1. Pick from G80, G37, G21: which is assigned to a helix (DSSP H, G or I), surrounded by 14 or more Cβ atoms within 10 Å (Cβ to Cβ) and at pLDDT below 95?
2. All but one of (1) free of Cβ contacts under 8 Å to residues at least 40 places away in the same chain; (2) loosely packed, with under 14 Cβ neighbours inside 10 Å; (3) of a type outside the set (K, R) hold for D88; which doesn't?
3. Condition check: in contact with a helix residue (DSSP H, G or I) (Cβ under 9 Å, 6 or more places away or on another chain) and on the phi < 0 side of the Ramachandran plot. Does E100 satisfy that?
4. Which of the residues that make up the stretch 98-115 are buried (at least 16 other Cβ atoms within 10 Å of the Cβ) and closer than 17 Å to S66 by Cβ?
5. Looking at L137, L110, which is the one that is at pLDDT 95 or above, assigned to a helix (DSSP H, G or I) and either in contact with a helix residue (DSSP H, G or I) (Cβ under 9 Å, 6 or more places away or on another chain) or charged (D, E, K, R) (or both)?
Amino acid sequence: MGMTTSAGNAGHYEQIDCYTGVAEADPHQLVKMLLDGALGKIAVAKGLVTRGETATKGEVIGQAISIVGGLRSSLDLSKGGEIAANLDNLYEYIERRLLEANLNNDLAILDEVAALLREIKGAWESIPQELRSKPELSATAV
């Protein structure tokens with residue numbers, strides 16, 4: 001019979017909290033959560049690069065790339081016009097730069113990508129509350 005640790009219990013509750021947050025989130029909140037997730041992965045990757053933990057760093061950067069890919073795939077390029085096209089190009093650039101950062105253990109690239117994601121997040125958060133629930137907004141400008 002195994003013993004559970006308080007750290008294991010805390011991790012379990014963290015997962016439940018995350019799942020609950022996703023289930024209760026509107027599309028605007030989901031995008032914010034994804035951006036926060038990508039930024040969190042990049043921060044973790046920076047620490048892993050610094051400590052020389054190459055294998056784990058690769059996994060974490062891969063997770064960040066997946067999150068950015070999810071944001072990119074959610075764009076509606078047919079309805080989003082220039083904004084969606086620009087975001088598509090920016091997300092593609094971020095994915096490429098994350099690959100480069102992974103290959104070269106480059107902290108400067110991770111900083112650059114984090115700054116770009118923070119800029120997108122800031123713009124996303126500045127959308128007025130009354131516009132956040134409009135379907136055309138969530139379909140075009142993720």
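The values are calculated or read from the model by the stated rules, or taken from the named source; none is laboratory data. Because the structure is predicted, anything quoted here is derived from the model rather than measured. Quick reminder, even Gly has a Cβ in these numbers, built from the backbone with ideal geometry, and neighbours come from all protein chains shown.
1. Working: G37 fails: at pLDDT below 95; G21 fails: surrounded by 14 or more Cβ atoms within 10 Å (Cβ to Cβ).
The unique qualifying residue is G80.
2. (2)
3. On the way: in contact with a helix residue (DSSP H, G or I) (Cβ under 9 Å, 6 or more places away or on another chain): yes; on the phi < 0 side of the Ramachandran plot: yes.
For E100, the condition - in contact with a helix residue (DSSP H, G or I) (Cβ under 9 Å, 6 or more places away or on another chain) and on the phi < 0 side of the Ramachandran plot - is met.
4. L98, A101, N102, L110, V113, A114
5. On the way: L137 fails: at pLDDT 95 or above.
Step by step, each of L137, L110 is checked, and only L110 is at pLDDT 95 or above, assigned to a helix (DSSP H, G or I) and either in contact with a helix residue (DSSP H, G or I) (Cβ under 9 Å, 6 or more places away or on another chain) or charged (D, E, K, R) (or both).
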